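Worksheet for the structure shown next.
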Amino acid sequence: MTTFDQQLKRMQQDKGFIAALDQSGGSTPKALLGYGIPESAYKNEDEMYALIHEMRSRVMTDNSFTGEKILGVILFEKTLNSKVEGLPTTEYLWKKNIVSFLKIDKGLEEKKDGVQVMKPIPNLAGVIQDAKSKGVFGTKMRSVIFSNNETGITNVVQQQFEFARIIIANGLVPIIEPEVDIHAADKKEIEATLKNKITEQLNKLQPNEKVMLKLTLPTIDNFYLELTQHPQVVRVVALSGGYELDKASELLSNNKNIIASFSRALLDDLRVTQTTVEFSGILSKAINEIYNASIT
């Protein structure tokens, strides 16, 4: 069995969740500030990225961060191309039985038709081939939906699946993430339209074309249950979407067959000033809570 086959089997069958450590250029200053590092602490992008890599390395090397409860990690490109304890990041994670995903989107276009679609991704096939050569299993790409505009939602889903086909053709498994804004007044209606559009696209995939879905926790419990059972879907994962950890975990535990892919909810209480014991205790508590909600 190839490493890819092992990783696919793990993602399909095993218990656990996906940690999202993929804050990119635009969101890195905010992530660092939350960690307790102000913008005055770095002079340029290189210093900023070095600091965020230190933070991510601290998380990934912690004793509580293991394949026992964490199935995968979503990485930012610079993290993928960095090292953890002297090893390439993907190699270090796979030694812990943790699968790597690469965030590939280049940010969002301006809002139109109640949504933000992704900006173009230059040389997508080349990016995927490079990631595959480094041991990456899958990718992640995010769009955002703010209102129940059928044209907008159709555009989001079509773009996601167009990119997904290129990713699949180049040998990786795409995570499709059409985030629904948790503050949308018509969130329930958006979810109904979104589920229909995703189902239409899933039904067009060939038997060997597999995707994952990363979705905002739905207004109605188990609303996405059919998607978790679709033959083309490896796994459905949930984003925390701005919910605090306790709220996100509570909502997640009410939805069968969906596991977490949290970022903010996982990292929110970590600070650069914490001792190793304090840091590990807080991270371990968050991991346990998210894991338990994912297997409920």
Exercise. List the residues whose amide H sits under 5 Å from the amide H of S143, counting only those 5 or more places along or on another chain, with H placed 1.01 Å from N in the peptide plane.
Key: E177, E179
Quiz prompt | Three-way shape label, the chain, alpha-carbon gyration tensor, a/c 1.5 | solution = rounded
Quiz item: Say we join alpha carbon atoms closer than 10 Å with springs in a Gaussian network model of the chain; which of N257, N123, N148 then has the biggest fluctuation?
Solution: N123
Exercise. Quote the relative contact order of the chain in percent (integer), defining contacts as alpha-carbon pairs under 8 Å separated by 6+ residues.
Key: 18 percent
Exercise. Taking the chain as the reference, fit the longest principal axis to its C-alpha atoms, fit the long axis of helix 124-133 to the helix C-alpha atoms, and give the angle between the two in degrees, 0 to 90, nearest 10.
Key: 50 degrees
Exercise. Any chance you could list P(r) for the stretch 70-112, counting all Cα-Cα pairs in 5 angstrom bins from zero, rounded to whole %?
Key: 5, 22, 26, 19, 9, 7, 5, 4, 2
Quiz item: If you add up the charges near S24, with Lys and Arg at +1 and Asp and Glu at -1, over every other residue whose beta carbon is less than 13 angstrom from its beta carbon, what do you get?
Solution: +4
Self-check item: Loop-located trypsin sites (Lys or Arg not before Pro) in the stretch 1-86, at most 15 other Cβ atoms within 10 Å (DSSP)
Solution: K15, K43
Self-check item: With Cα atoms, 0 to 90° folded angle of helix 3-13 axis to the chain main axis
Solution: 70 degrees
Exercise. Would you kindly give the portion of the calculated P(r) for the stretch 10-69 that falls above 16 Å, as a percent of all Cα pairs?
Key: 50 percent
Quiz item: When the helices in the chain are scored as -39500 (n - 2.57) per DSSP H run of 4 or longer and the sum is shared across all residues, what 222 nm value do you end up with, to the nearest 500 deg cm²/dmol?
Solution: -13000 deg cm²/dmol
Self-check item: Estimated dipole of the chain in Debye, rounded to 20 [Cβ of Lys and Arg +1, of Asp and Glu -1, Cα centre]
Solution: 640 debye
Quiz prompt | Relative contact order %, the stretch 104-232, counting alpha carbon pairs below 8 Å whose residues are six or more apart | solution = 24 percent
Quiz item: Each residue of the stretch 142-158 in turn: what ³J(HN,Hα) in whole Hz from Karplus with 6.51, -1.76, 1.60 and θ = phi - 60°, glycine and Pro shown as x?
Solution: 10, 10, 9, 10, 10, 8, 7, 9, 4, 4, x, 5, 4, 4, 4, 5, 4
Quiz item: Each residue of the stretch 67-79 in order: what ³J(HN,Hα) in whole Hz does its phi give by Karplus 6.51 cos²θ - 1.76 cosθ + 1.60, θ = phi - 60°, with x for Gly and Pro?
Solution: x, 4, 10, 10, 7, x, 9, 8, 10, 7, 3, 5, 5
Exercise. Convert each backbone phi in the stretch 250-255 into a coupling constant with the Karplus relation 6.51 cos²θ - 1.76 cosθ + 1.60 (shift: θ = phi - 60°), then list the ³J(HN,Hα) values in order as whole Hz, x for Gly and Pro.
Key: 4, 5, 4, 5, 8, 10
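Laboratory data are not the source of any read-out in this text; all were calculated from the coordinates shown. Computed from a predicted model, the values in this text were never measured in an experiment. With ideal geometry, Cβ positions are generated from the backbone for all residues, glycine too; neighbour counts draw on all protein chains shown.
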